[in-house]
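This report refers to the structure that appears directly beneath it.
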Amino acid sequence: MARPTVAASIILFKENAVIEFDVQAMSCGHCVSVVSQTIKELDPEARVEVDLAHKKVKIESAESPARLAQALTEAGYPPA
């Protein structure tokens, strides 16, 4: 008698951190788009929420805060 085979999948989840930055250089919808796109290029799985009125960016990502800040700075939107 043949033994049944069992297929198993293991899914590993990254630990994500939620980081909030003050980004005073944002002033319009284009800025919001560039900031969001910059983060998504660094981490396609990131969640990005931009509050233009308060000039805040909230990011849920597995990337380090330093790498996220560097990417924003290079895009012209340095965190305060």
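The number of residues in the stretch 26-66 that are charged (D, E, K, R), exposed (fewer than 13 other Cβ atoms within 10 Å of the Cβ) and either assigned to a helix (DSSP H, G or I) or over 11 Å from the mean Cα position of the chain (by Cα) (or both) comes to 1. Look at the stretch 33-52: where a residue is closer than 12 Å to L68 by Cα and a partner is of a type in the set (D, E) and not in a helix (DSSP H, G or I), sitting 6+ places away or on another chain with Cβ atoms under 6 Å, you get L42/E63; D43/E63.
Just so you know, all these numbers are worked out from the coordinates, no wet-lab data involved. Keep in mind that what you see is a predicted model, and the values were worked out from it rather than measured. Virtual Cβ from ideal backbone geometry, glycine too; neighbours counted across all protein chains shown.
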